[in-house]
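Novice: Attaching a single structure in structure tokens format; questions to follow.
The values are calculated or read from the model by the stated rules, or taken from the named source; none is laboratory data. Owing to the predicted nature of the structure, the values given are computational and were not obtained by experimental measurement. Every residue, glycine as well, gets a Cβ built from its backbone with ideal geometry; the counts of neighbours run over all protein chains shown. SASA here: full protein model, heavy atoms, side chains in, ligands and nucleic acids out. Shrake-Rupley method; radii C 1.70, N 1.55, O 1.52, S 1.80 Å.
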Amino acid sequence: MAPKTRRYDDAKIRAAVIAQFGHVGRAVRELGPEQLEGPSGLGDWTVADLAAHIAWIADSLAAGLARPPAAVPELTAVEWPFATASLAGKISEAARETLTGAPLPELYDRAATAMARELAANPGGRVLQLWVGDMTLADFLVTRTVELVVHTDDLNRAAGLDIPIERQALAACTRLLADSLALRAPGGSVEVRIPPFAVVQCIEGPRHTRGTPPNVVETDPLTWIRLATGRTDWAAALDGAHVRAGGERADLSALLPLMS
């Protein structure tokens, strides 16, 4: 049986995306030249490159809404993580072309203004034309929580910051990636628990019907997000006691990362 499609509150997701972008923008304004020139931990990107990419997330959302709408959606939010890998280079190149030459505070001001304007003017059912596949605005905004939460965490770790993460954004990011795992490996033999936000069942095999299931994986939201996006690996998370796994089927290493 296919997992039930999760529904998200569009107004709360919009508010979370705007708020999270604001948190990052305020922190970026305080970064000094030495911090900006430091490594991001993401390939050859500097912290400045990472910060500019986060500005592009909002800028490109606004640009997508300014284009004529598509007719019908081709992709849902839960399918989105599997469609992103082949576009990483194209997205990076587009971000550099769009953002080159302007100071970071200017980039953030411009992107925040454009994003707020376009979100106010467009309903959740609007279908955006996207490289990854046409999506409704409501679904695409859920994927923006993933981008913003993941890169906020990247920026915190790279620059030694403590940028807050909106609870609603963290919840949506966690749930979307958990549901994507269940989509990739359907079944009911393993229960993955990510309190307080998500519980999903996955992997073919005997399905439990009551009581504690024989195969359980449990972790916290940030560890789950880092696993799902390739920021850490399964063995390291187990060794560091950030993941608890019990049962002969409770090994997700072959399924992770979901996106990288």
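Novice: Give me the accessible area per residue for the chain, probe 1.4 Å, as a whole number in Å².
Specialist: Numbers: 12330 Å² over 260 residues.
On a per-residue basis, the chain sits at 47 Å².
Novice: What does the net charge come to around Leu36 if you take all other residues with beta carbon closer than 12 Å to its beta carbon, with K and R at +1 and D and E at -1?
Specialist: Surrounding charge for Leu36 is -3.
Novice: Sticking with this structure for a sec: Protein chains only, probe 1.4 Å: how do Arg249, Arg26 rank by accessible area, largest first?
Specialist: The ranking, largest first, comes out as Arg26, Arg249.
Novice: A follow-up question, please. Mind jotting down the three principal axis lengths of segment 115-260 based on Cα atoms? Whole angstrom, largest first.
Specialist: The Cα atoms of segment 115-260 stretch 51, 37, 26 Å along their principal axes.
Novice: Given segment 212-260 reduced to its alpha-carbon atoms as identical point scatterers, what log10 I(q)/I(0) does the Debye formula return at q = 0.17, 0.19 Å⁻¹?
Specialist: -0.44, -0.55
Novice: Could you tell me which of Leu107, Thr219, Ser40 has its Cα farthest along the dipole of the chain towards the positive end, charges placed at Cβ (Lys, Arg +1; Asp, Glu -1), taken about the Cα centre?
Specialist: Thr219
Novice: Largest first and to the nearest Å, give the Cα extent of segment 102-162 along each principal axis.
Specialist: Largest to smallest, the principal-axis extents are 39, 22, 20 Å.
Novice: Keeping every protein chain in place, order Thr145, Thr113, Thr5 by accessible area at 1.4 Å, biggest value first, i.e. largest first.
Specialist: Sorted by accessible area, descending: Thr5, Thr113, Thr145.
Novice: Now a separate question. Please report the carbon-and-sulfur percent of the accessible area for the chain; probe 1.4 Å, protein heavy atoms only, DNA, RNA and ligands left out.
Specialist: 53 percent
Novice: As a test of reading the structure, rank Asp220, Asp233 by solvent-accessible area (1.4 Å probe, protein chains only), most first.
Specialist: Result of the area sort, largest leading: Asp233, Asp220.
Novice: Only one of the values [x] 1, 6, 13, 17, 19, 16, 13, 8, 5, 2, 1, 0; [y] 1, 5, 11, 13, 14, 12, 10, 7, 6, 5, 4, 3, 2, 2, 2, 1, 1, 1, 0, 0, 0, 0; [z] 1, 5, 9, 12, 13, 14, 13, 11, 9, 6, 4, 2, 1, 0, 0 was calculated from this structure for P(r) over Cα pairs in 5 Å bins from 0, in percent; name its label.
Specialist: The calculated read-out lines up with [x].
Novice: With just the Cα atoms of segment 15-161, tell me how far they stretch along each of the three principal axes, in Å, largest first.
Specialist: 47, 30, 26
Novice: Okay, next question. Per the helix-only calculation at 222 nm, which mean residue ellipticity applies to the chain, given -39500 (n - 2.57) for every DSSP H run of n ≥ 4 and division by its residues, nearest 500 deg cm²/dmol?
Specialist: So the helix-based figure for the chain works out to -16500 deg cm²/dmol.
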